[in-house]
Structures are given as C-alpha cells and as structure tokens.
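What follows is a set of notes on a single structure, which appears directly below.
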Amino acid sequence: MVAVEPLAYRTIIGNALQGLRPRVEVVVVESDALLVEVACLRPGLVISGFSRPSGSSEIAWIEFRPYNKALASVMSRGAV
C-alpha cells in the first residue's frame, strides 16, 4: 500500500512497484484514507509519510518523507 504525498510521488512509486512485481497487488491511496484502508485490507507493506500506528506491528512500514532531512525509516515487526 502506498500513501505518500504528493500525489505524483505515490503514483510513481505505486506504478514502479507494480511494474517490478506484477504478481503483487499494489494499492495506492490518499493519505487521508490510509488508516481506514490499512484496517480493511491489512497489507503486508505500507509506504507512507506517517509513522506506523500502534497496534499494527505485524505490518512492515516504510516511513517516507521526501522533504525532511531524514528521508526514510523502515520498520518491520517493531524494529527499525
């Protein structure tokens, strides 16, 4: 699941992932809908500008903020 701002970033990242892994379902969502979509779909991986919410430690989460100094952090099963 990709929910990165701005729209161009999430679209390009989603399209690139789909192209590289055509058998993997890639869902691109607006940041405002992220928490609802995560609760409904329970994805294996989320790429987002938000930190992983509590209670979702089983989801691999990439926190990507392209305009901040620290560009990304990757969390898997509670560990960075």
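No lab work stands behind these numbers, since they all come straight from the coordinates. A quick note: this is a predicted structure, and the numbers were derived from the prediction, not measured. Here the Cβ is made from the backbone with ideal geometry for all residues, glycine too, and neighbour counts use every protein chain on show.
General remarks:
- Length added when fully stretched, R21-A33, from 0.36 nm per residue minus Cα-Cα: 1.9 nm
- GluC sites (Glu not before Pro) restricted to DSSP loop in the range 23-60 with at most 15 other C-beta within 10 Å: E25, E30, E58
- Between A8 and S54, the FRET efficiency from the beta-carbon distance, with R0 = 41 Å, is close to 0.85.
- Global form of the chain, assessed from the alpha-carbon gyration tensor, a/c cut-off 1.5: rounded
- For V27, the amide hydrogen comes within under 5 Å of the amide hydrogens of V2, counting only partners 5 or more places away or on other chains and with H modelled in the peptide plane.
- When peptides 10-20, 43-53 are sorted by average Cβ neighbour count within 10 Å, with the highest value leading, the order is 43-53, 10-20.
- Three-way shape call for the range 1-44 based on the alpha-carbon gyration tensor, with the a/c threshold at 1.5: oblate
- A cut-off of 5 Å between modelled amide H atoms, ignoring neighbours fewer than 5 places along the same chain, links E5 with G49.
- Phi angles of the range 2-15 translate, via the Karplus equation with coefficients 6.51, -1.76, 1.60 and θ = phi - 60°, into HN-Hα couplings of 10, 9, 10, 9, x, 3, 4, 5, 5, 5, 5, 5, x, 5 Hz per residue; Gly and Pro are given as x.
- Placing +1 on the Cβ of every Lys and Arg and -1 on the Cβ of every Asp and Glu, with nothing else charged, gives the chain a dipole about its Cα centre of roughly 280 debye.
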